[in-house]
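*Asks:* Let me begin by handing over the structure; questions about it come next.
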Amino acid sequence: MTELKEKRTEPGEFHPEWFRKTVIEAFKNDPMRIIIELIKNSADSYTRLQKKGVAKPPFKIFVKIRCKRKSPPYIEVLDHAEGMDSKKLKEALKYGTQTSMGEDIEAVTSAEKGIGLKDAMMALKDNWLVTIKDGLINERKKHPDFKTGFGREDEKVTQLDRNRWGIPENGTVVIGELPPYFHERKYHSICEKLQKHFLLRKLLQNPDYEIYVIDLLNGERRLLKYYPPEKEKQILKESFKINYNGRNYLIHLEIDKAKRELKQGKPYGEAGLLFYYGNYSVLDFTFCRFERDSAFSKFFGEVRMEIGDLIRNPTEAPLVDEKRRGLDTEHPFNRKLFDEIGIKLKNIQEEEGNSGYSFDDLTKREILKELNRMYKEIGGAGPPPEPPIKPEIFEFYPVWVDIKEYEPKKHFLIINSSAINNNLEITLKSNNPKIIVKPATMRIERDKVEEDFIIRQIELYSEEAGSNGEIIAVSESLNHFSKMGVNVQENPIFSPQNGFAFVPDRTTIVDSGRKEVQLCIDKSIVGESKEITFSSEYPISCPGKWLLPDSENLEEKIIKNILITEIPIEVKGAGHIGERARLTATYGGRMASIQIDVVPQPSIAGAIRDIRFSQKETRKISDFTEEGVIEIYYKHPLVKKYMSKKNFKDRPEFQTFIADVITREAVKAFVVSGIKENSSRYPIFNSDHPEPEIDFYIIQEYYEKGPVMHEMFTRLIKSLKLE
Amino acid sequence: MEKSRKPFTVLFREVCEMDVRNNSGKDEEDIIRSFTEFEGDYLPIEKDRLILFVIDYLHSKNIEVTFDKLTVAAFKLFPKKFSLIGFPEYPDAKTVNDCVFLHCVKTKGWASGNAQSGYKITEKGRYFLDETKKMLEGKIKVVRKYGTVPRRKEFTFVNRLKKTQVYKKYLQNKEEEISYSEILEALKMPSHSSREALERNLEKYFAYANKINDESVIKFLDFVQRKIREVDE
C-alpha cells in the first residue's frame, strides 16, 4: 500500500486566527457540517459532470466511518466524479479565489461562500485529499495554519492506488480524523444525524444521488434517506417575485401543516422553511421572523429561490453570512424576501389560529379530581355527607359483607358522637382467625370530634375462600357491641378457564384512557417459553409481547398456583365511545381473549372542572371562568417569552412559571368559590369591601396548599401538547 | 272499630315469653288473625326488612311460615306497607311475594324457600334481622325514607307527572312561567285535545293521586285545573 507522505508545503493566505475565529466556531456549533461539506463537494462535482453530459445518475458518494470509543471517528468521503488535476486542486484549496465550485457551474460567487472543502479538511486531523484524474494522482493535505502540504503531484496512478482508494476511474477521497468537538461516537447515531440535518435534506430527497454510509468496523452499509413529516394539509403553494437591483427573482413558496407537532430549530428541527436554490443547495432553515413561534410548530415547507443571476454576479455579496449560519439577514435581497414571507406567514397565523395547546386528558382528569378533593377539604362544600344510618351508639354498616380471597375490602363502622363521654375505645375482633380485621383497636377523643356521626373505615382480609366469620366491635366503657357477618368467596382469578384466561373476560375503558387487565396463568402450563404474544383490535393498543418472570422470580409471583400478570392497554386517541374491541393473548398454544368496550369519561364534578391552555388574547395571564375553568393565556407576552425558547416544555423555568400561575388561579378560585358557598373557613366581616379579606385568604391558602399544587401542575405542564 | 295497639317491646316480650303449648289449642290462622298493628314508626323501613321480621315473628310463635300466613301476618302487623291501593282493609299479596321471593330469597339471600316449601331465614339474614329489630326499637334511625305505595299503575302515572318540568316549576313557585302547552305535555295530551278529553284525563290523575294519598300532587292538579279554566275564559 502506498504511504501518504508530505514532500513539501506552500504557505497559506490567511492567518490561522481567522480560521480559529470563524470556521472552528461555525463547526463547533454544528460539527456534522464537516462531513456534510465534503459530501456536498462530491455532489457538486457529479452535478458538473452531469451538466457537461459526461455522467448519468445515480451518483454514488461513500462516507466510510471508523468509530472509536474514546476518540473521534475517522472518516473517508469518496466519490467517483471529476477528480482534480494539480491546477484545479490549487484553486480548490486556496482562499479568496473566484472559482465555480458549487452546483451552478457558471456561478462565480457561490451563495454559500465562506466555508467549504478546505475548511472541512482543516478541521480533520491528519487529513489528506487524494484525487485521480485522467490517470494522474495528486495528494494534498491542509494544515491548520493554512499551509498546503503536497504528497504526490500529477504522478501516474497505479492499480494499487486505485484499489487502495476505491477509485476505478476518476474521483476524489478526503480522509482524516474528526476533531475533538465532534462528540458522536456511534455509527448509527452519525447516520441518524446526517439524515436529519437540514443541509442534506434536498440532496437526500434527490433520487439522482445515493449517499452510502459504511461502517469500516463491520462493513455495514446504509443508504441515507430523508422523509418529510406526514402532511395533514397543504396551507400555501405560490410563487412570487422579489425585485432587487432592477431585476426580478422568482421565489416558489410551499407551506404544509403536519399531523403532529414538529421539533423546531436548526440543524435537526423539522418545523421551518428550507431555503434552497438549484436542486439541493440549502441556504437556510428558518421561519424568518416567526422563528421558534410555538404557533408554527406544526408547519413546514420549502422556499425554492431562482437566484442564478444573483450568484453569478461577481459584485454581489454572498447571501449566506460569513460563518454560514444561514441567510444573512442584513443582505438587502434577504430583507425583502423575509418581509414578503413574513406577510404570508402572518396571514397563515391568523387563518390557522385554531390550532392550540392542550394537556394530556388522563393527567388532567387525575389532577382535577385531586384538586376538587382538596377543595372539598378546605373549601368546605357544605356539611359532611349524612351517614346511611344513625345508630344510638355504634353499628356496622352494612351488617354483612362478602369479600374475595386475597382482596382487602373496606367497610364502615358508624359511631354516634353523642354517646362518647370522654375517650372511646372500640376493640375489633374476628371469631375466625382466617379473617383478619384492621385496626384491632379504635380510639376516638371526644374533643376532636366535630360531626354528629363518625364514619370509621375498617379493613377486612382473608386468604381462605369458603370461610365464614363474625367481626365484633366492643366498647367496654359503653357496654355495647355490634357484630357483622363475613363470607369469604372464591376469587375468580384463581380459576382461569383452561388455565390461561383474562379475569374478568370483559371490561370497559374510558375514551383515550389507559388501564391494566389481569391475565391469569396456571402454574402447570408455564413451560419453557417466557413469551406471551398479544394482538388487539382497533382502537385498543397493547404491548405485542410480554415476558414472564425468570424461573427464580416466578415462585414469588405465584399465588395459589396462579401467576397473575397485569397487561397495560390503552385507547388510541379519542372519539371511540361505544366501540368494542377484543384483545387476544397467546401462550404455548393456548389462547385467551377479553372484550373491551370504550365508554365516555365520567364528568368532573366540583369547583374546578377544567384547566385549559387557551390562545385567547387578553390582558390577563390567567382567569377562572364562571363555568369552573382555569384558563392560561399563552399569547400573553410573559408566557410567550418562555415559549420562544427551544424545548420550552422541558425547561424548569417554564414549568415553574406556569405551575405558579395555575396555582395562584386555583387558590383564588378556591377562596372565591368557598366564600360564595358561605364556607366557615372564609368568614367575611366587611361584606361591602371584602377584597382585603379575600386577598388575605388567598395568600394564606397559597402558602398552605401552594407546594402541593405546584407539584401537581408541573406534572400537568409536562403533558402539554400541540393539538 | 278501634284497634288495640301494643308497643314493639311489649309485643316482642310477649313473643319471647309465649308458651308454645298455649298455642297448641289455637289455630295458627287464629293467632295471625289476632295480630295487631305494630305501634312504632315502621314507615321509613324497607319492606324487605319488615318481611324478614315477620318470618322471624311467625317462627317465634311456632307458626309455619307459608306464603299465605306470611301475607296476612305482614298485613296485620304492618298494614300501611302491605295493603292494596284503594283497599286498605285487604292485604297486598303481590308486594309480599315480590319482597320475600324476588328480594329476600333471590337477590339478597336473606331467606330461603318458596311458596311451595315455606320460608326460613339464612345466616346472612340473621344479621339483617337483628339490625331491623334495632330499627324498629328505635336504636338505629334510618336516614333513607322508603315509600309505602306499591308500584302499580296509580303510582307509576303520578310518579311520571312528578318528573315533568311543569311540576318542578310549580314546586319552585314559578307558576307564572308555566304555559298551557306545557301542561298538556305533562298530562300526556296532544295539543289538539278536546276539552272533554282533557277533563277526563285530569280526573283520572286526581283519582290516582287521591288513591295513593299524595297531597302535593293533588295541590298541583288543583293548580292545573285553575290554569285550564283561565285559558277557557
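*Asks:* Tally time: how many residues in region A:548-574 are surrounded by 12 or more Cβ atoms within 10 Å (Cβ to Cβ) and of a type in the set (Gly, Ala, Ser)?
*Replies:* Result for region A:548-574: 1.
*Asks:* Which numbered condition trips up B:Ala115, out of (1) small (Gly, Ala, Ser); (2) touching a residue at least 40 places away in the same chain (Cβ under 8 Å); (3) closer than 16 Å to B:Glu46 by Cα?
*Replies:* It fails just one condition, (3).
*Asks:* Quick check on region A:407-425: of everything there that is within 14 Å of chain B (Cβ to nearest Cβ) and either in contact with a strand residue (DSSP E or B) (Cβ under 8 Å, 6 or more places away or on another chain) or surrounded by 18 or more Cβ atoms within 10 Å (Cβ to Cβ) (or both), which residue is nearest to B:Arg144 (Cα to Cα)?
*Replies:* First, the residues of region A:407-425 that are within 14 Å of chain B (Cβ to nearest Cβ): A:411-416, A:418-419.
Now restrict to residues that are either in contact with a strand residue (DSSP E or B) (Cβ under 8 Å, 6 or more places away or on another chain) or surrounded by 18 or more Cβ atoms within 10 Å (Cβ to Cβ) (or both): A:411-416, A:419.
Numbers: A:His411: 19, A:Phe412: 17, A:Leu413: 18, A:Ile414: 15, A:Ile415: 18, A:Asn416: 17, A:Ala419: 22 Å.
Among them, the one singled out is A:Ile414.
*Asks:* Looking for whichever is at pLDDT 95 or above, out of contact with any Pro (no Cβ under 6 Å at 6 or more places or on another chain) and either within 14 Å of another protein chain (Cβ to nearest Cβ) or surrounded by fewer than 19 Cβ atoms within 10 Å (Cβ to Cβ) (or both) here; the options are B:Leu70, B:Leu52. Which one fits?
*Replies:* B:Leu52
*Asks:* Yes or no: A:Ala440 within 14 Å of chain B (Cβ to nearest Cβ) and either touching a helix residue (DSSP H, G or I) at 6+ places or on another chain (Cβ under 6 Å) or among the small types (Gly, Ala, Ser) (or both)?
*Replies:* Numbers: within 14 Å of chain B (Cβ to nearest Cβ): no; either touching a helix residue (DSSP H, G or I) at 6+ places or on another chain (Cβ under 6 Å) or among the small types (Gly, Ala, Ser) (or both): yes.
Criteria not met by A:Ala440.
*Asks:* Scan region A:530-547 for residues that are in contact (Cβ under 8 Å) with a residue 24 or more places away in the chain, assigned to a loop (DSSP other than H, G, I, E, B) and surrounded by 11 or more Cβ atoms within 10 Å (Cβ to Cβ) and jot them down.
*Replies:* Within region A:530-547, A:Glu537, A:Pro539, A:Cys542, A:Pro543 meet the criteria.
*Asks:* Which of the helices (runs of 4 or more DSSP H) contained wholly in region B:112-189 include at least 1 residues that are away from chain A (no Cβ under 14 Å), crowded, with 18+ Cβ neighbours inside 10 Å and touching a strand residue (DSSP E or B) at 6+ places or on another chain (Cβ under 7 Å)?
*Replies:* Numbers: elements: B:123-137, B:153-162, B:165-171, B:180-186.
Counting at least 1 such residues, we get no helices (runs of 4 or more DSSP H) at all.
*Asks:* Where the second residue is surrounded by 15 or more Cβ atoms within 10 Å (Cβ to Cβ) and among the hydrophobic types (A, V, I, L, M, F, W, C) and the first is under 12 Å from A:Cys67 (Cβ atoms) and free of Cβ contacts under 8 Å to residues at least 40 places away in the same chain and lies in region A:214-226, which pairs have Cβ atoms under 8 Å and are six or more apart or on separate chains?
*Replies:* A:Glu220/A:Ile214
*Asks:* Then there's this: Could you look through region A:219-259, keep only residues that are among the aromatic types (Phe, Trp, Tyr) and not in a strand (DSSP E or B), and pick out the one that is surrounded by the fewest Cβ atoms within 10 Å (Cβ to Cβ)?
*Replies:* Kept after step one, since they are among the aromatic types (Phe, Trp, Tyr), are these residues of region A:219-259: A:226-227, A:240, A:244, A:249.
Then keep just the ones that are not in a strand (DSSP E or B); that gives A:226-227.
Details: A:Tyr226: 16, A:Tyr227: 8.
Looking at the filtered set, the residue picked out is A:Tyr227.
*Asks:* Can you spot a residue in region B:80-89 that is under 21 Å from B:Ile212 (Cα atoms) and assigned to a helix (DSSP H, G or I)?
*Replies:* At the first step, the residues of region B:80-89 found to be under 21 Å from B:Ile212 (Cα atoms) are B:80-89.
Still in the running and assigned to a helix (DSSP H, G or I): none.
Looking through region B:80-89, none of the residues is under 21 Å from B:Ile212 (Cα atoms) and assigned to a helix (DSSP H, G or I).
*Asks:* Can you tell me which of (1) free of Cβ contacts under 8 Å to residues at least 24 places away in the same chain; (2) in contact with a strand residue (DSSP E or B) (Cβ under 6 Å, 6 or more places away or on another chain) is the one A:Gly499 doesn't meet?
*Replies:* Tallying (1) free of Cβ contacts under 8 Å to residues at least 24 places away in the same chain; (2) in contact with a strand residue (DSSP E or B) (Cβ under 6 Å, 6 or more places away or on another chain), A:Gly499 fails exactly one: (1).
*Asks:* Further question: Would you confirm whether any residue within region A:480-494 is hydroxyl-bearing (Ser, Thr, Tyr), loosely packed, with under 13 Cβ neighbours inside 10 Å, farther than 17 Å from A:Glu407 by Cα and modelled with pLDDT of 90 or more? Before you say what the answer is, go through the steps one by one.
*Replies:* Looking only at region A:480-494, we keep the residues that are hydroxyl-bearing (Ser, Thr, Tyr), and these are A:482.
In the following step, the residues that additionally are loosely packed, with under 13 Cβ neighbours inside 10 Å were identified as none.
No, because not a single residue in region A:480-494 is hydroxyl-bearing (Ser, Thr, Tyr), loosely packed, with under 13 Cβ neighbours inside 10 Å, farther than 17 Å from A:Glu407 by Cα and modelled with pLDDT of 90 or more.
*Asks:* If you don't mind, another one. Is there a residue in region B:198-213 that is under 25 Å from B:Glu89 (Cβ atoms), polar (S, T, N, Q) and in contact with a helix residue (DSSP H, G or I) (Cβ under 8 Å, 6 or more places away or on another chain)?
*Replies:* yes
*Asks:* Follow-up question, since we're still on this one. Looking at (1) modelled with pLDDT under 80; (2) not in a loop (DSSP other than H, G, I, E, B), can you tell me which one A:Gly382 breaks?
*Replies:* Status for A:Gly382: all satisfied but (2).
*Asks:* State all residues of region A:385-406 that are in a strand (DSSP E or B) and either of a type in the set (Phe, Trp, Tyr) or facing chain B (nearest Cβ under 8 Å) (or both); if no residue qualifies, say none. Give the derivation first.
*Replies:* So in region A:385-406, the residues in a strand (DSSP E or B) come out as A:389-391, A:394-397, A:400-404.
Matches in region A:385-406: A:Ile389, A:Lys390, A:Pro391, A:Phe394, A:Glu395, A:Phe396, A:Tyr397, A:Trp400.
Residues are listed down the side, and each one gets a yes or a no for (1) buried (at least 24 other Cβ atoms within 10 Å of the Cβ); (2) aliphatic (A, V, I, L, M); (3) within 17 Å of A:Arg260 (Cβ to Cβ); (4) touching a residue at least 12 places away in the same chain (Cβ under 8 Å):
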| site | (1), (2), (3), (4) |
| --- | --- |
| A:Gly272 | yes, no, yes, yes |
| A:Tyr277 | yes, no, no, yes |
| A:Ser281 | yes, no, no, yes |
| A:Asp284 | yes, no, no, yes |
| A:Phe290 | no, no, no, yes |
| A:Lys298 | no, no, yes, yes |
| A:Gly301 | no, no, yes, yes |
| A:Met305 | yes, yes, no, yes |
| A:Ile311 | yes, yes, no, yes |
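*Asks:* Tell me which residues, restricted to region A:506-529, are within 20 Å of A:Ile596 (Cβ to Cβ) and either surrounded by fewer than 20 Cβ atoms within 10 Å (Cβ to Cβ) or of a type in the set (S, T, N, Q) (or both).
*Replies:* Here is the first cut: in region A:506-529, the residues within 20 Å of A:Ile596 (Cβ to Cβ) are A:506-521.
Result: A:Arg506, A:Thr507, A:Thr508, A:Val510, A:Asp511, A:Ser512, A:Gly513, A:Arg514, A:Lys515, A:Glu516, A:Gln518.
*Asks:* Could you check how many residues of region A:275-296 are hydrophobic (A, V, I, L, M, F, W, C), touching a helix residue (DSSP H, G or I) at 6+ places or on another chain (Cβ under 7 Å), under 30 Å from A:Pro637 (Cβ atoms) and not in a loop (DSSP other than H, G, I, E, B)? Full working, then the answer.
*Replies:* Quick first cut of region A:275-296, residues hydrophobic (A, V, I, L, M, F, W, C) only: A:275, A:282-283, A:285, A:287-288, A:290, A:295-296.
Remaining after also requiring touching a helix residue (DSSP H, G or I) at 6+ places or on another chain (Cβ under 7 Å): A:282, A:285, A:287-288, A:290, A:295-296.
From what is left, the residues that are under 30 Å from A:Pro637 (Cβ atoms) are A:285, A:287-288, A:290, A:295-296.
If we keep only those that are not in a loop (DSSP other than H, G, I, E, B) too, we end up with A:285, A:288, A:290, A:295-296.
Residues flagged as hydrophobic (A, V, I, L, M, F, W, C), touching a helix residue (DSSP H, G or I) at 6+ places or on another chain (Cβ under 7 Å), under 30 Å from A:Pro637 (Cβ atoms) and not in a loop (DSSP other than H, G, I, E, B) within region A:275-296 amount to 5.
*Asks:* Scan region A:548-570 residue by residue and report those that are touching a helix residue (DSSP H, G or I) at 6+ places or on another chain (Cβ under 9 Å) and part of a loop (DSSP other than H, G, I, E, B).
*Replies:* A:Leu548, A:Pro549, A:Lys560, A:Asn561
The values are calculated or read from the model by the stated rules, or taken from the named source; none is laboratory data. This is a predicted model, so every value here is computed, not measured. Positions of Cβ are backbone-derived with ideal geometry, glycine not excepted, and every protein chain shown enters the neighbour counts.
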